[in-house]
Amino acid sequence: MISLLVAVPLLAAFVSLFWKKASDVLFSLVALFNVIVVLSKWFPGVVEIHAMGNWKPPFGINLVLDDASFYAALIVNLIFLMVSSLPVETKKGYETSLMLLLGATNGFVLTGDLFNSFVFMEIITITAVTTAAKRENFYNAYKYLILGGIAGSFYLLATIFAYGATGSLNMAHIAMVGLSGSSLLAVTMLYTIGLGVEAKLFPLNGWVPGVYGGNEVSPIVLGTAVSFAALYMLGRLFGTVFHGSGLNTLYVLSLVTILTGEMAALRESRLLRTFAYSSVAQAGVVAAMISKGTENALNLAYFHLTNDVIAKFVIFLVAGFLVYSYRDLNGVFRKHKLLGISFSMATFSLVGFPMFAGFQSKIRMIMEAFSTKDFLFPAVLLIATAIEVGYVIRWNVRLWFEEETFEERSKVPLTIGFFSFALAILLVVVFLQPDVFLEGTQKMAKALLDTESYVNGVFSAVKGGM
Amino acid sequence: MALGLLPLVLLTLSIFIYLVSKMSWKMGALLNFLAGLFTILYVFTLKVGTFEKLDLFGLNIQFEWTNVSFYFSFVSLLVIVSVMLFSTKWLETQKYRASYNMFLLMVTAGSLGVFMAADLITLYVFWEIAVLSSLLIVPMEKKEARKAVVVYAVMSAVGTYAFLYGTFLAYQRYGTLNIHGIAQGMLNDTSIGFKMAVFLLLSAAGIAKSGIFPLHIWLRETHGLAPNAFSSVLSGQFIKLGNYIFLLVLSVIPSLKVFSEVTVYSGIPLPNYILIALGNVSIVIGTLMAIKQDDMKMLMAYSSVANGGYILIGIGTMDPLGFEGGMFHIFNHAVASAVIFMAFAAVIYRTKTQKISEMGGLIHKMPVTFLVYLFSIISLAGIPPMSGFISKWMIYQALVRKGMFITAFLAFFGSIGSFLYVFRPLAGVFLGQLPRKYRDVKEAPAVMLTPMVLLVLISFFLGVWPFPILQAIEKIRVDLDVAPSFKISDPENWLVKGFAGSWNPVLVFGLFLVGFIVAYILYSLFPRPKKVDLLAPHREEGTPINIYTGGEFIYNPDLYHYNTKFYAGFERMYEKHPSWEKLLKMFGKLFHDAGEWIHSWFFEPSSSAYTFWVVVTLLLVFWVRW
């Protein structure tokens, strides 16, 4: 059943190559189908697998659905559903790539095999590069391709070393057998670099502003769903498979990511690129929390990531629409009050002002850090937030209050207005009742750290054999 | 109605008022005013000592209504309700009326929440709500305000986040966020270094918000460029949030007992002394910079810096007279500052300009505005019979008694300086010659005059009969255990006690009244000055040229306006002063340039550079970890 999440989008993508006129409808249908399938498996609690070709694990590839991959798949598919409902001009000509991306992201999140995850990561890279090339953003897409290819090579190298050390490619099997000593070191470091490019760690994140700032569809998809998948994989690999080793490097890299991302955002004068840098910094925050390795830390990391993904969706949606409808953005929110209110609410959530979801995640993260006697992370986070206040307020003031040059008011498509406002309200609701997300991320964190039940679940849920 | 519901109800009401204001802004402003009025009456009915725990937003929110809460809420609401009444007419000059109404009420809700918070997280939540709402009002009117608000936002963020860090540092050590719990924890803690760190981090929020050196530079531009009536709120009420933080760290957390081993001078502990030193510098900077300003509002913004210094000094001495003086000064500065800014708003409403050099002689056209401004500056300068005298007198007494001669000298200097700088707008705007273009200016509308007149009357009444407010402050002081056996106010005998004896405020007022009556009698007996029409020779042929003009034929009497650079000689003495503003702006630029460097090295270059960074990272990581 869960393999349908991967198979159906892939099939639809191939079909749409021949039946181009229907690709938009196909995309919406496929996304809807995926969401329904995911929702039907609400928080399974136990580990469910689908052994491909009925080959018993650890032989053959298996897809794993536990609480953690469920949550990730849910977020990814919901985002793609929203993207598929966006107006046609946003994604015209790119629906095939987006469907492939949908299938590949689902595969990446659900897979239980390292080489399989490499394959899906490569598909993600290629389709993401294609999507990034919209609006003639060729140079930045090309740079992303090169960097993504290199990242893929390191990811593959890490997989090969893991295979060489343990004799298996199956995540559960490797978790059971365990790596040690220098092979553990090599594998974790190479995975940090390989995933780090996708997870936007410093200094591997050079591609981000060019790709996110290049057109209106790539940040909405790449900055939200794909980032979530990459950071999920970070938690899965370091939490479940490697039992929490190799995390120090991740911690240091993520702290530097946070500060450099925010400082680079401060000087940026283009709207989409500013919030691309903000994505980098927030990915750093999430990675820093993941690198702490405790259940509560992971819980808060993914809670923060969910809040960030929602806020970024609103921001990139509104910004993408405005940047390509108006030449001059000064005072543009006076023409579009609803979009402006949603955008402002999302940016305030990003900063962590009370009344919005970001406050809940930031406060809890600081509390958690202090309770583990980590005095550095809260200081870095608060300095980064102070810098964030600077550019968020600067942009809000410019977009609301600056004198506008006269331009015709573009009509706002209904879905853009609806989604931005609905998600902004969701941010307020999460502030009032954070358990809406915290329950889910709690289960996710537990599942990520519970190597034993992962291993048992994979090996016991066996159908067929060799 | 439960205690905690008040700020929450006001918050939801603000959204409703936004919608109402979209239809009719007058209705919205009126509703705002009624809500404020209701709140101020409700605040009187709240019982002291009420404690409430709410499980809201997944956090443990604790509210407590103490004497301190009541005092601060009363002062804040007095200013805010006056401004709300003022705004019902003034808002017609603004563009974003609905948002203004909404955010003003949110500022009120946030402030009330801060004053009733019993634990530091609740305080932080409501603090941020108030700050965010003010951030959105400041850029509403003027173009330059848009840059100023970013500086304000960042400096406020620096103070607030230092406060947050200190809060969690204390939480981690003492296990509680409740203010009394932390006070208890600090009393039992022996590590002075840790306590000092927490103290300084917590007071950073107060320093940033009250505009104390070194985080004072945002006040000039923000208060100066905010919408005029809102500057009243910023200067009169917002600063009190910072003062509240100082009260918390100095008195509610009893700094005398917590830091009793590190007293520096005359029984004052080291951290208090650091704050007093910062207060001293603020007084000097505020006074000297205010003397220089041409823009009326920026001048008064610096006055807020100086008065913030006074309040800090008063509270920091931990002396009963100083404490009561500082607390009373909170009220006096709030009222005087609010009236002064409202008077400016009224003048600007009528004359459409903000520069002193363009005005003059408005006493003829706006006499009531002139009178309220005059009484407020008398209060601010500390001259009887206004209430400002009493608070400043108490602070002086405390400083002299403690033997703090440097601080006392600076306080006196600041007081004289304050009269210098508040007099200049008076002379420049109201006295002197009325420019021809303002010949048709009318007095400010009644609905704008009423709040100003009421506030001045309250200040005047308290200057003659300060006992109601002194009793309230005394209750606070005894509660906080600052020399509880020393009683200052004595209403039955009409005496205010000091250290060298006591004095009778009614008697002082009586002497001033007698002096005023004598002067008035002399004024009416002696011949009046004659009004000379300088343009008469233009209109009527054959009018003799007047001796007043030195035999010159005057074409444009407006050019003979002399009220601009009165203190030029004094200003020249410190003309080449080092600029703190430039230093802090340099810091901002540092971050900006660091971002530029990061961008050019890591984010901009070609794909081969990206590959280079990947390889470097890989090598570095392996080298470090191996």
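The values are calculated or read from the model by the stated rules, or taken from the named source; none is laboratory data. Nothing here was measured: the structure is a model prediction, and the numbers come from that model. Don't worry about glycine lacking a Cβ; one is built from the backbone with ideal geometry, like all the others, and counts go over all protein chains shown. Heavy atoms of the whole protein, side chains included, go into the accessibility calculation; ligands, DNA and RNA do not. Shrake-Rupley method; radii C 1.70, N 1.55, O 1.52, S 1.80 Å.
Annotations
- Some residue of the range B:182-203 being among the acidic types (Asp, Glu) and in a helix (DSSP H, G or I): no
- Tallying residues that are among the hydrophobic types (A, V, I, L, M, F, W, C), open to solvent by 10 Å² or more (accessible area, probe 1.4 Å) and closer than 17 Å to A:Lys200 by Cα within the range A:234-271 yields 7.
- Any hit, the range A:318-327, residues being buried (at least 22 other Cβ atoms within 10 Å of the Cβ) and basic (Lys, Arg): no
- Here the helices (runs of 4 or more DSSP H) wholly within the range A:67-177 that include at least 3 residues being in contact with a helix residue (DSSP H, G or I) (Cβ under 7 Å, 6 or more places away or on another chain) are A:67-84, A:95-110, A:114-132, A:138-166, A:171-177.
- Test: residue in the range A:433-449 that is aromatic (Phe, Trp, Tyr), modelled with pLDDT of 85 or more, out of contact with any Phe, Trp or Tyr (no Cβ under 8 Å at 6 or more places or on another chain) and in a helix (DSSP H, G or I): no
- Failed condition for A:Lys292, given (1) open to solvent by 10 Å² or more (accessible area, probe 1.4 Å); (2) within 14 Å of chain B (Cβ to nearest Cβ); (3) in contact with a Ser or Thr (Cβ under 8 Å, 6 or more places away or on another chain); (4) part of a loop (DSSP other than H, G, I, E, B): (2)
- Condition check for A:Thr415: part of a loop (DSSP other than H, G, I, E, B) and open to solvent by 10 Å² or more (accessible area, probe 1.4 Å): no
For (1) over 21 Å from A:Ala301 (Cα atoms); (2) not aliphatic (A, V, I, L, M), each residue gets a yes or a no:
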site	(1), (2)
A:Tyr139	yes, yes
A:Ser153	yes, yes
A:Gly164	yes, yes
A:Ile174	yes, no
A:Leu195	no, no
A:Ala199	no, no
A:Trp207	yes, yes
A:Val226	no, no
A:Gly235	no, yes
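- Matching option when the condition is open to solvent by 70 Å² or more (accessible area, probe 1.4 Å), at pLDDT 75 or above, more than 24 Å from B:Tyr71 (Cβ to Cβ) and not acidic (Asp, Glu), among B:Tyr562, B:Tyr520, B:Tyr574, B:Tyr555: B:Tyr520
- If the condition is being out of contact with any helix residue (DSSP H, G or I) (no Cβ under 9 Å at 6 or more places or on another chain) and among the acidic types (Asp, Glu), then the range B:489-537 contributes only B:Glu492.
- Test result for A:Val25, more than 30 Å from A:Tyr163 (Cβ to Cβ), assigned to a helix (DSSP H, G or I) and open to solvent by 80 Å² or more (accessible area, probe 1.4 Å): yes
- The listed residue being among the aromatic types (Phe, Trp, Tyr), touching a Leu at 6+ places or on another chain (Cβ under 9 Å), away from chain B (no Cβ under 11 Å) and open to solvent by less than 10 Å² (accessible area, probe 1.4 Å), out of A:Phe370, A:Phe353, A:Phe333: A:Phe333
- Whichever residue in the range B:596-625 is more than 7 Å from chain A (Cβ to nearest Cβ) and closer than 12 Å to A:Thr249 by Cβ and, among such residues, is surrounded by the fewest Cβ atoms within 10 Å (Cβ to Cβ): B:Trp623
- Selection count where residues are in contact with a Phe, Trp or Tyr (Cβ under 7 Å, 6 or more places away or on another chain) and among the aliphatic types (A, V, I, L, M), scope the range B:328-374: 6
- Qualifying residue in the range A:399-409 (condition: in a helix (DSSP H, G or I), in contact (Cβ under 8 Å) with a residue 12 or more places away in the chain, surrounded by 13 or more Cβ atoms within 10 Å (Cβ to Cβ) and over 29 Å from the mean Cα position of the chain (by Cα)): yes
- For A:Gly340, the conditions (1) on the phi > 0 side of the Ramachandran plot; (2) surrounded by fewer than 24 Cβ atoms within 10 Å (Cβ to Cβ); (3) in contact (Cβ under 8 Å) with a residue 24 or more places away in the chain all hold with the exception of (1).
- Residue within the range A:262-282 that is without any contact (Cβ under 8 Å) to a residue 12 or more places away in the chain, within 12 Å of another protein chain (Cβ to nearest Cβ), in contact with a helix residue (DSSP H, G or I) (Cβ under 9 Å, 6 or more places away or on another chain) and not aliphatic (A, V, I, L, M) present: yes
- Wholly enclosed helices (runs of 4 or more DSSP H) of the range B:252-329 bearing at least 3 residues at pLDDT 90 or above: B:270-292, B:296-316
- Filter result for A:Phe303 (within 14 Å of another protein chain (Cβ to nearest Cβ) and either farther than 30 Å from A:Leu179 by Cβ or crowded, with 24+ Cβ neighbours inside 10 Å (or both)): yes
- Test: residue in the range A:390-398 that is within 11 Å of chain B (Cβ to nearest Cβ), under 20 Å from A:Val351 (Cβ atoms), open to solvent by 40 Å² or more (accessible area, probe 1.4 Å) and touching a residue at least 40 places away in the same chain (Cβ under 8 Å): yes
- Residue count for the range A:197-216, restricted to those that are within 8 Å of chain B (Cβ to nearest Cβ) and under 27 Å from A:Gly164 (Cα atoms): 2.
- Any hit, the range B:497-510, residues being under 21 Å from B:Ile315 (Cα atoms) and among the β-branched types (Val, Ile, Thr): no
- Taken together, B:Val158, B:Val131, B:Val125 contain a single residue that is modelled with pLDDT of 90 or more, within 8 Å of another protein chain (Cβ to nearest Cβ) and surrounded by 22 or more Cβ atoms within 10 Å (Cβ to Cβ), which is B:Val125.
- On the stretch given as the range B:203-230, residues that are in contact with a Gly (Cβ under 8 Å, 6 or more places away or on another chain), buried (at least 24 other Cβ atoms within 10 Å of the Cβ) and within 15 Å of B:Val249 (Cα to Cα) total 6.
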